Ligand code: SF4
């Protein structure tokens, strides 16, 4: 299953590359910014987690120990915290590099793209949280969302479906990947509880 998923990721990366290229008027990530890895819950499915942890096993011992320490500290903090626990990703290095970049989940790959949600039968374009912080999209951000018309007026391709919908490639790309089952999705830390 993991090797099939690896092939699926190749198709996903190719698809997302086109999306990022099409959405260039909206994508203004600054170099070295890892804001999307600094605060969040990082929802991830069982299959993605298995793939990530397979990569973890081949990391140098010192890196593995650093990640383990991060997870231990976060779980301790989480146990004192009720409700939603937003935190730095334990796989982010102190130099703001992803330790398991090639193995990261789909949401990490798609982060930064505009996506759409159906609200009352209408497609509403949503922009990622960093746009609210002036870290991205600053020329186009106009509050909670951007209309599909305005989005199209920039001459960019359609936004993707919500990046948490792991089957958002289903119709076009999952052909040939029929055996893939993502399984349950949980906030990342919950896989370590
Ligand atoms: S897995 Fe990597 S890319 Fe994803 S949030 Fe963590 S550090 Fe960032």
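The values are calculated or read from the model by the stated rules, or taken from the named source; none is laboratory data. Owing to the predicted nature of the structure, the values given are computational and were not obtained by experimental measurement. Using ideal geometry, Cβ is built from the backbone for each residue, glycine included, and neighbour counts are taken over all protein chains shown.
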Log entry, pairs with first residue in the range 37-50 being free of Cβ contacts under 8 Å to residues at least 40 places away in the same chain, second being crowded, with 18+ Cβ neighbours inside 10 Å, beta carbons closer than 6 Å, six or more apart or on different chains, reads none
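How many residues are surrounded by 15 or more Cβ atoms within 10 Å (Cβ to Cβ) and at pLDDT below 90 when one looks only at the range 1-16?
Residues that pass the stated criteria total 5.
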Of everything in the range 85-113 that's free of Cβ contacts under 8 Å to residues at least 60 places away in the same chain and more than 9 Å from the ligand (Cβ to nearest atom), which residue is surrounded by the most Cβ atoms within 10 Å (Cβ to Cβ)? 86
Kindly check whether there is at least one residue in the range 26-34 that is within 10 Å of the ligand (Cβ to nearest atom), touching a helix residue (DSSP H, G or I) at 6+ places or on another chain (Cβ under 8 Å) and modelled with pLDDT of 85 or more. no
Single residue of 29, 19 found to be surrounded by 12 or more Cβ atoms within 10 Å (Cβ to Cβ), in a loop (DSSP other than H, G, I, E, B) and under 15 Å from the mean Cα position of the chain (by Cα): 29
Which ranges mark the strands (runs of 3 or more DSSP E) fully within the range 76-193 that have 2 or more residues being modelled with pLDDT of 90 or more and under 30 Å from residue 62 (Cα atoms)? 185-187
